[in-house]
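The values are calculated or read from the model by the stated rules, or taken from the named source; none is laboratory data. Please read all numbers here as calculations on a predicted model, not as lab measurements. Don't worry about glycine lacking a Cβ; one is built from the backbone with ideal geometry, like all the others, and counts go over all protein chains shown.
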Amino acid sequence: MAKITAQYIKWFDQIGKEDIASAGGKGANLGELTQAGIPVPSGFVILSSAYFAFLDAHRLRVQLHHLLSTHDPHDPRQLETVSKKCRQLILQSEIPAAIASEIFAAYHKLGSHTPVAVRSSATAEDLPDASFAGQQESYLNITGDANVLVKVRLCWASLFGARSIFYRVEKKFDHFKVGIAVPVQQMIQSEASGVIFTVDPISADRDKLVIEAVWGLGDYIVQGVVTPDHYLVSKTTGEIISKNVSKQEVMEVRGPHGVKEIKVPSKIREKQKVSDQVIVKLAELGTQIHKYYYFPQDIEWAYANKKIYITQSRPITTLGNESGTKPASVETSGIAVLLLGAPASPGIVTGPVQIVPDVKHLEKVSKGDIMVTDMTTPDFVPAMRRAAAIITNRGGLTSHAAIVSRELGVPCVVGTTQATKVLIDGMIVTVNGSTGQVFKGGLKLGSATVTPAVNEFAGHHHSLKTATQVYVNLAEVELAEKMAAKNVDGIGLLRAEFMIAGIGVHPKKMIADGKSHEYINKLAHDIAIFCKAFSPRPVIYRATDFKTNEYKALKGGDKYEPEESNPMLGFRGAFRYIKSPDVFTLELEAIKQVRHKLNLRNLWLMIPFVSTVSEMTEVKKLVAASGLHRGSSFKLLMMVEIPSNVILLDDFLDVGLDGVSIGSNDLTMLILGTDRDNSEVASQFDERNPAVLWALEKTVKTCAKRQVMCGICGQAPSQYPELVEKLVSWGITSVSVNPDAIDRTREIVYHAEERVITHGKAN
């Protein structure tokens, strides 16, 4: 490619990592890849100096500064207003002739009618952390020099998107020390495209490489619109370890004015997207790029006319195993697989089996044992803490056993259907929580010992900020300080059941024995640990949601609990508080003690399983009668987990609430009529079902209209990035996830916010 001498333009092969300040991260990476001999489509970067020269030519710094100084960025309406005005100011200003002529000349060198991708590439000289500043605008299949110029200006304007303004203000960054470079790259009309992860991002296995592929252009894989093929390749041998081929209904292709969506031809919808030969070649290129950067990479690729092109590469910063130690390799050939279930919590552990038929036998479990049971409930937690691994007959990835195991960092396999029949006390087994396999005996290991896989507890600490709050679901006192040190905005779900199970005695028995104060003090003590660790961030305490069978397992429970054929839909939640106000009062007194005596004012209250509006009214009266009143530091929320909560949400809010939190697990189960703990039907449990999506959208939008908080807790946000984008676009204010998903969810939310700001509201 012939070069032009220019002030504002550099070609990819003229750029390296030292040019981040002028070319931005994307531009510098494309230059590095080109210089390394990687097949990168030709292109050039419009340097940030062009952007600053454009500002100075029209004295835009003064005008922009005036607009920004006269609007409050913490007021959402004012923020949107100033963002719109700033962007309009940029978009209505002409690009100076000297800059435009250089862009035209460079584009003509590529070809005057060549389709190109025009992308923003944020720069931040002398700023320690400005990765959030750019909105990563991308415009695909742009043809004609005039259209390129329009998109360049749009990229510049993106620097004044609402979120970019907000975070620069929050970080006290100078708006005019951050610039935008714009890479312009020849567009590849991809037959297939996708990403390469040079390390398995789930297991952090550095000997494996993951490739994902879709038909058409690659933007849909980034957006989560389609499910890609998944190929796992050994970096050592180059062999394809596994392939998971997905059915693809739609794809993105070049259109007359950019890109468009079309249906995938029926004959290839269920076919593998690229050949095995191409998979191997992609793996080779990924390994080469990894070696060049000395760090795991997330690489975007395109395939067209029997050629592979690399369009972008960036570091993976979210690997679970940050220690750099290699997980234990396991030799399984010739070893009997006793059971196969759903992998619920990663890790590999060998130990003796202890069958726990019910809560009366929890004392059987000693430290290092493999606990085997039908399914777990909150009163199993003390034994789960001691167990080296957990196996259940029933349950799915959102079951109690799965959630708590991930929270504890204990390997777990659920839904084996017959673990309690196949296994016997004292039998030595090995549990692989990453694959769902249970092996007979101890396995031959590549390393000296079997160690649990390191999850995100040890993950990279992120500095990403999002407008949507990312909370954590917690129950274990021991994890309070550890989780408080992570990039998390508070506790969105503090489960009362775990603390009460730790007391071990039915509250009515404590009352009868004159030990109410002992109960209150113990509960207050545990709650306070969380509040101290997270202060001043909010701690949302969910009042007890024990069911009758779980209460009955506590000491003295037989005397006070009825027999129920279906405790799930029985005497629980708000209805129980109304019928047994003496027990609910103990919880309220514990909350008062934490807030008033210990002066920990970051503690809020959330009411679960409220069937009717009248129930919420009565519970609110009980709360007020205890001396707890809604205000600036005390919020009262309600769980939305019953269809009636969605249908009559306005009526519930009229009672007087500060917000709601969607219990997506129970809500999905009750909408679909599917028991998530029943392995026979657990596959039908899916938060993406249209009926569930309707309920989620109605709830979030109603809350947004009423200007009250609306969060969601459960597994869905960390499992389905495409759902997060919808939630963000509808106006969700918080997402609360398990400890192992904090960093991953923060990134999902971050990129979802970027796409929503860039592309508008989700449908």
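Quickly run through the stretch 146-178 and pick out the residues that are modelled with pLDDT under 85 and not in a loop (DSSP other than H, G, I, E, B).
Within the stretch 146-178, Ala162, Arg163, Ser164, Ile165, Phe166, Tyr167, Arg168, Val169, Glu170, Val178 meet the criteria.
Which one is farthest from Ile662 (Cα to Cα) among residues in the stretch 528-556 that are in a strand (DSSP E or B) and in contact with a Leu (Cβ under 8 Å, 6 or more places away or on another chain)?
Val539
Yes/no per residue for (1) within 18 Å of Ile732 (Cβ to Cβ); (2) buried (at least 20 other Cβ atoms within 10 Å of the Cβ):
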site: Ser614; (1), (2): no, no
site: Ala625; (1), (2): no, no
site: Val640; (1), (2): yes, yes
site: Ile647; (1), (2): no, no
site: Leu667; (1), (2): yes, yes
site: Gln684; (1), (2): no, no
site: Leu693; (1), (2): yes, no
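Assess whether Glu589 counts as being under 25 Å from Asn645 (Cβ atoms), touching a helix residue (DSSP H, G or I) at 6+ places or on another chain (Cβ under 7 Å) and touching a residue at least 60 places away in the same chain (Cβ under 8 Å).
Criteria not met by Glu589.
Which residues, counting only those in the stretch 4-25, are in a loop (DSSP other than H, G, I, E, B) and free of Cβ contacts under 8 Å to residues at least 40 places away in the same chain?
Selection gives Thr5, Ile15, Gly16.
When the stretch 557-586 is examined, which residues are found to be over 34 Å from the mean Cα position of the chain (by Cα) and either at pLDDT below 90 or not assigned by TED's automatic domain parsing to the domain that holds Arg601 (or both)?
Scanning the stretch 557-586 gives Gly557, Asp558, Tyr560, Glu561, Pro562, Glu563, Glu564, Ser565.
Would you tally the residues in the stretch 469-509 being over 20 Å from the mean Cα position of the chain (by Cα) and within 19 Å of Lys635 (Cα to Cα)?
Total satisfying the criteria: 2.
Mind listing just one residue for me: the one in the stretch 716-756 that is among the aromatic types (Phe, Trp, Tyr) and assigned to a helix (DSSP H, G or I) and, of those, farthest from Met669 (Cα to Cα)?
Restricting to residues being among the aromatic types (Phe, Trp, Tyr) and assigned to a helix (DSSP H, G or I), the top hit is Tyr750.
Being crowded, with 21+ Cβ neighbours inside 10 Å and assigned to a helix (DSSP H, G or I) is the filter here, so list the residues in the stretch 26-53 that pass it.
Lys26, Gly27, Ala28, Asn29, Leu30, Gly31, Glu32, Leu33, Thr34, Ser48, Ala50, Tyr51
So, in the stretch 58-109, how many residues would count as being closer than 20 Å to Gly144 by Cβ and among the β-branched types (Val, Ile, Thr)?
Residues flagged as closer than 20 Å to Gly144 by Cβ and among the β-branched types (Val, Ile, Thr) within the stretch 58-109 amount to 3.
With the condition kept exactly as written, say whether any residue in the stretch 334-343 is closer than 24 Å to Val477 by Cα, surrounded by 22 or more Cβ atoms within 10 Å (Cβ to Cβ) and outside the structural domain of Glu497 (by TED's automatic domain parsing).
Within the stretch 334-343, none of the residues are closer than 24 Å to Val477 by Cα, surrounded by 22 or more Cβ atoms within 10 Å (Cβ to Cβ) and outside the structural domain of Glu497 (by TED's automatic domain parsing).
Could you run through the stretch 588-602 and say how many residues are more than 19 Å from Pro507 (Cα to Cα) and in contact with a Ser or Thr (Cβ under 9 Å, 6 or more places away or on another chain)?
The total comes to 4.
Which of (1) touching a residue at least 60 places away in the same chain (Cβ under 8 Å); (2) not in a helix (DSSP H, G or I) is the odd one out, the single condition Glu563 does not satisfy?
(1)
Any residue that is of a type in the set (Lys, Arg), farther than 30 Å from Ile142 by Cβ and at pLDDT below 80 - is there at least one of those in the stretch 205-215?
yes
How many of the residues making up the stretch 462-512 are touching a strand residue (DSSP E or B) at 6+ places or on another chain (Cβ under 8 Å) and over 17 Å from Asp379 (Cβ atoms)?
The qualifying residues number 18.
Which pairs turn up if I take residues in the stretch 345-362 that are part of a helix (DSSP H, G or I) and look for partners that are of a type in the set (Phe, Trp, Tyr) and at pLDDT below 90 with beta carbon separation below 9 Å, at least 6 apart in sequence or on another chain?
Within 9 Å, the pairs are Val359/Phe380; Leu362/Phe380.
Is it fair to say Ala475 is surrounded by 23 or more Cβ atoms within 10 Å (Cβ to Cβ) and either outside the structural domain of Ala388 (by TED's automatic domain parsing) or at pLDDT below 80 (or both)?
yes
For the stretch 696-715, give me each residue that is crowded, with 24+ Cβ neighbours inside 10 Å and in a helix (DSSP H, G or I).
Leu696, Val700, Cys703
Can you pull out every residue in the stretch 66-77 that is assigned to a helix (DSSP H, G or I) and either of a type in the set (Lys, Arg) or surrounded by 14 or more Cβ atoms within 10 Å (Cβ to Cβ) (or both)?
Matches in the stretch 66-77: Leu67, Leu68, Arg77.
Counting only residues that are without any contact (Cβ under 8 Å) to a residue 12 or more places away in the chain and not in a helix (DSSP H, G or I), which one in the stretch 486-519 is nearest to Gln715 (Cα to Cα)?
Lys515
Hey, among Val259, Val233, which residue is in a strand (DSSP E or B), outside the structural domain of Pro343 (by TED's automatic domain parsing) and at pLDDT 90 or above?
Exactly one residue qualifies, and that residue is Val233.
Can you tell me which residues in the stretch 263-314 are part of a strand (DSSP E or B) and among the aromatic types (Phe, Trp, Tyr)?
Within the stretch 263-314, Trp301, Tyr303, Tyr309 qualify.
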